[in-house]
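The values are calculated or read from the model by the stated rules, or taken from the named source; none is laboratory data. All values reported here derive from a predicted model rather than from experimental measurement. Glycine gets a Cβ as well: all are built from the backbone with ideal geometry, and neighbour counts include every protein chain shown. Surface areas here come from the heavy atoms of the whole protein model, side chains and all, with no ligands, DNA or RNA. Shrake-Rupley method; radii C 1.70, N 1.55, O 1.52, S 1.80 Å.
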Amino acid sequence: MHYISTRDASLRALLSEAIARGIAPDGGLYVPGEFPHFNTRQFDGLNELPEIAERLLAPFFEGDALASELGAICREAFHFPAPLVTLDQAPQPASVLELFHGPTSAFKDFGACFLAATMERIRRNAPRKLTILVATSGDTGGAVAAAFHNKPWVDVAVLYPKGLVSERQAQQLACWGGNVRTFAVNGTFDECQRMVKEAFLDPALQESHQLSSANSINVGRLLPQMVYYAKSSLELWRQLGRRPNYIIPTGNLGNAMACVWARHVGMPIGEIVLATNANQTITDFLRSGEWQPRPSVATLASAMDVGNPSNMERLRSLHPEFDELQGQLGASSVDDIEIRGTLRRDSHELNRIWCPHTATAAKVYRRMLSRGARGHWVIVSTAHPAKFNDIVEPQTGQEIPVPPALAKLLSLPRQEKELEPTLSALRTQLQQA
Ligand SMILES: *Cc1c(COP(=O)(O)O)cnc(C)c1O
């Protein structure tokens, strides 16, 4: 399979190259040049994430040097589960897809672990050490740090906006040491992202470092995210004989894009509905057809505070006609007052403690029901609520038990440096190492 740039189909790359580059040479994003098509029978007898991953992703690895290692990559990357839990107190049959059982308790662990497993093999005989730069609004940085920590072939620099992530997220970003360096930037997430982009274009850094990125634009993060949609939809399809619908908390559109691709290749997925927070770039676009990126606004679901969701470029390349695109997805926006209300209400009525991001999807679920939606709905749960205890506990009035993986990270000393939001400050730090 060839991957092509969203901006120029003649810019082709095999998977390894697309992963190593992160972004296409013309600034576009890599997407599959053609999609395979499956029928559900091709997954008969397959029940676990690694084996479903191997079957689903085989065509995406075709022709690449990594193809022979796909099985090993899948077993290494999918080392934690993505359980589908019945929401038995829901007003209508529904399930929760729990994506928070990885090392840093958020769905970003799937992409980060898979990326680490592929990059390790791509870099096996490389003469230079790789430096991964990652700008994070909270969860990506921790997942990437966890996945690449102590790997001898790579250094990681994590940039996060100081004071704009939860206390426990900050701890997860800064507890690593070793080959991971964490920078608390005196600025916003957008500024962190700008610094990373500028670093890639900086001649001095290009000379001194072999830079790479691990942000959600990397196709190596999207592919593994298709796998939990495949597994959960097959499971419900086999049980119920109908296609489940998904509600996905959405920021940069990476998680939902993977669901769209999973449906596109034939997985039994019905409707896909995006739940956004008060950042309404996507919801406005799906209503009006006008794409108007804007600065992000801060919300309680901070990992979704994205004003210019970059994966929209991939969605638009899959469905260039707006009418067609509009028919593929629903979207609904949830504000902070509704997030708080949903955290409170669902802790009583559904006996579920959500994270603030998942609460947007749970709110949209109720909205869909009140508008008469039918079918089986899956609420996608993107993070464990214990990561956001400072927001959730005051609403639910209950202390959230901390999962063991998270407890271990919280007990480690914090190691970070403050950084001004400029390229030169970052360059100085990187070149000191
Ligand atoms: C990153 C993140 C999201 C948003 O996912 P996108 O792929 O950016 O749309 C939602 N919830 C949590 C907890 C996240 O970390």
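Which whole-number value in Å² is the accessible area per residue of segment 236-362, probe 1.4 Å? Each step should come with its number before you reach the end.
Values: 4670 Å² over 127 residues.
Normalised by residue count, the accessible surface of segment 236-362 is 37 Å².
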From phi via Karplus (6.51, -1.76, 1.60), per-residue ³J(HN,Hα) for segment 177-182 in Hz, x at Gly/Pro: x, x, 7, 10, 10, 10
Estimated vicinal HN-Hα couplings, Hz - segment 295-307 in sequence order (Karplus 6.51, -1.76, 1.60; Gly, Pro = x): x, 6, 10, 7, 9, 5, 9, 5, 5, 10, 7, 10, x
Cβ-based charge dipole, segment 128-279, positive-most Cα from A214, G163, V134: A214
Residue-wise HN-Hα coupling along segment 214-221, computed from phi with Karplus coefficients 6.51, -1.76, 1.60 (Hz; x: Gly, Pro): 10, 6, 6, 6, 6, 5, x, 9
Spin-label pair Q432/T86, simplified geometry with 7 Å Cα→Cβ offset, distance in nm: 5.7
Residue-normalised accessible area of segment 109-186, expressed per residue, 1.4 Å probe, Å²: 28
Sulfur and carbon atoms: percent of accessible area, the chain [1.4 Å]: 48
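Mean residue ellipticity at 222 nm from the helices of the chain, using -39,500 (n - 2.57) per DSSP H segment of n ≥ 4 over the full residue count, to the nearest 500 deg cm²/dmol? Please report the intermediate quantities before stating the final value.
Working: 18 runs with 189 residues, N = 433.
My calculation for the chain gives -13000 deg cm²/dmol from helical runs alone.
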Cα pair distances exceeding 42 angstrom across the chain, given as percent: 8
GNM top mover of G22, G372, G220 - the chain, alpha-carbon springs below 10 Å: G372
Distance between segment 270-303 and segment 114-168 - C-alpha centres, whole angstrom: 27
Gaussian network model of the chain, Cα within-10 Å springs - most flexible of E235, E399, E418: E399
Amide H within-cut-off set for L419, under 5 Å, with H built and near neighbours excluded: A184, V185, N186
Within straight-line cross-link reach of K162, aspartates and glutamates at Cα separation under 16 Å, skipping those fewer than 8 residues along the same chain: D139, D190, E191, D305, E416, E418, E420
